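None of the figures in this text is laboratory data; all of them are computed from the coordinates on show. All figures in this text were calculated on a predicted structure; none of them were measured in a lab. Don't worry about glycine lacking a Cβ; one is built from the backbone with ideal geometry, like all the others, and counts go over all protein chains shown.
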Amino acid sequence: DIVLTQAPLSVSVTPGESASISCRSSKSLLSSKGITSLYWYLQRPGKSPQLLIYQMSNLASGVPDRFSSSGSETDFTLKISKVETEDVGVYYCGHRLEYPLTFGSGTKLEIK
Amino acid sequence: EVQLVESGGGLVQPGRSMKLSCAASGFTFNNYDMAWVCQAPKKGLEWVATISYDGSSTYYRDSVKGRFTISRDNAKSTLYLQMDSLRSEDTATYYCARGRIDYWGQGVMVTVSS
């Protein structure tokens with residue numbers, strides 16, 4: 001199974017500043033079709049997860065461009081610019097390369 | 001607007017069965033693979049199962065193989081998860097999700113306890 005390791009476990013950010021979350025995969029997530037199968041989700045408190053980023057760097061519909069993602073075949077970074085209070089929650093990376101699908105253990109973002 | 005509405009959760013005794021349903025709307029259901037993802041209390045996300053758009057292929061995590069069955073009724077735009085031989089460790093919120101897990105339902109809680 002592909003293991004996704006997220007860091008840090010939690011991050012505390014002042015509104016208006018930036019935050020970065022790392023996700024490292026135990027295997028290359030580059031598919032035979034040339035697509036990097038890495039996804040980012042945000043789960044706000046008491047809510048269902050929502051998709052933020054698909055295929056490593058593509059912003060999902062309705063997601064503000066304060067969110068961005070980049071990486072290689074195994075190392076990925078989600079960056080949140082100008083953090084707002086609504087960004088509070090747990091961020092998960094996940095892959096769709098093969099079964100079983102797996103997720104990282106999550107990074108909790110809090111506001112200072 | 002894509003909507004996924006789960007139902008069928010609740011309290012069930014170990015060893016018993018439960019069937020979850022997910023009513024989909026706002027998209028062409030039979031064009032998409034569908035999945036179930038669960039989240040144990042205060043824990044992270046775990047993929048459970050996926051079914052192909054036409055129901056011809058199914059995939060399961062190892063811990064539920066032989067106990068859970070994912071199915072769909074494209075005429076009714078509804079996804080199902082039949083859960084048999086339930087264990088306490090199956091206690092979780094179960095989310096219905098579309099395709100490559102882009103849209104999620106609100107989730108339904110399943111508690112396995114005597």
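Expressed to the nearest 5 percent, the antiparallel share of DSSP beta bridges inside chain B is 90 percent. Among beta bridges from DSSP that stay inside the protein assembly as shown, the antiparallel ones total about 90%. Taking every C-alpha pair closer than 8 Å and separated by at least 6 residues, the mean separation divided by the residue count of chain B gives a relative contact order of 37 percent. Taking a straight line from the alpha carbon of A:Lys27, these aspartates and glutamates sit under 20 Å away, with near neighbours fewer than eight places off in the same chain left out: A:Asp1, A:Glu73, A:Asp75, A:Glu98, B:Glu46, B:Asp62.
Computed from the Cβ-Cβ distance with R0 of 25 Å, the FRET efficiency linking B:Ser52 to B:Met109 stands at 0.35. Candidates B:Met34, B:Tyr80, B:Ser63 compared by Cα position along the dipole of region B:28-80: farthest toward the positive end lies B:Ser63, with charges placed on Cβ.
Cross-link check: pairs A:Lys33/A:Lys82; A:Lys47/B:Lys43; A:Lys47/A:Lys82; A:Lys82/A:Lys112; A:Lys112/B:Lys42; A:Lys79/B:Lys43 evaluated at a Cα-Cα cut-off of 25 Å; pairs beyond the cut-off: A:Lys33/A:Lys82. Every pair of different Cα atoms in chain B enters the Kirkwood calculation, which places the hydrodynamic radius at 13.9 Å. Of the peptides B:86-99, A:91-104, the ranking by mean beta-carbon count within 10 Å, highest at the top, reads A:91-104, B:86-99. Listed by chain and number, the lysines whose alpha-carbon sits under 17 Å from that of B:Lys76, ignoring those within fewer than 8 places in the same chain, are B:Lys19.
Below 8 Å, C-alpha to C-alpha, sequence gap of six or more: please give me the relative contact order for region A:1-49 in percent. It rounds to 31 percent for region A:1-49. Between A:Glu73, A:Glu17, A:Glu84, the residue with the greatest mean-square fluctuation in the GNM of chain A (Cα pairs under 10 Å linked by springs) is A:Glu17.
Can you tell me, using C-alpha contacts under 8 Å and at least 6 residues apart, the relative contact order of chain A as a whole percent? Walk me through the intermediate numbers first.
Values: 275 pairs, mean separation 42.3, N = 112.
This gives 38 percent for chain A.
Our estimate of slack between B:Asp62 and B:Arg87, defined as 0.36 nm per intervening residue step minus the Cα-Cα distance, is 7.6 nm. Cβ under 15 Å from B:Arg67's Cβ, B:Arg67 left aside: what net charge do those residues give with Lys, Arg +1 and Asp, Glu -1? That sum, taken over residues with Cβ under 15 Å, equals 0.
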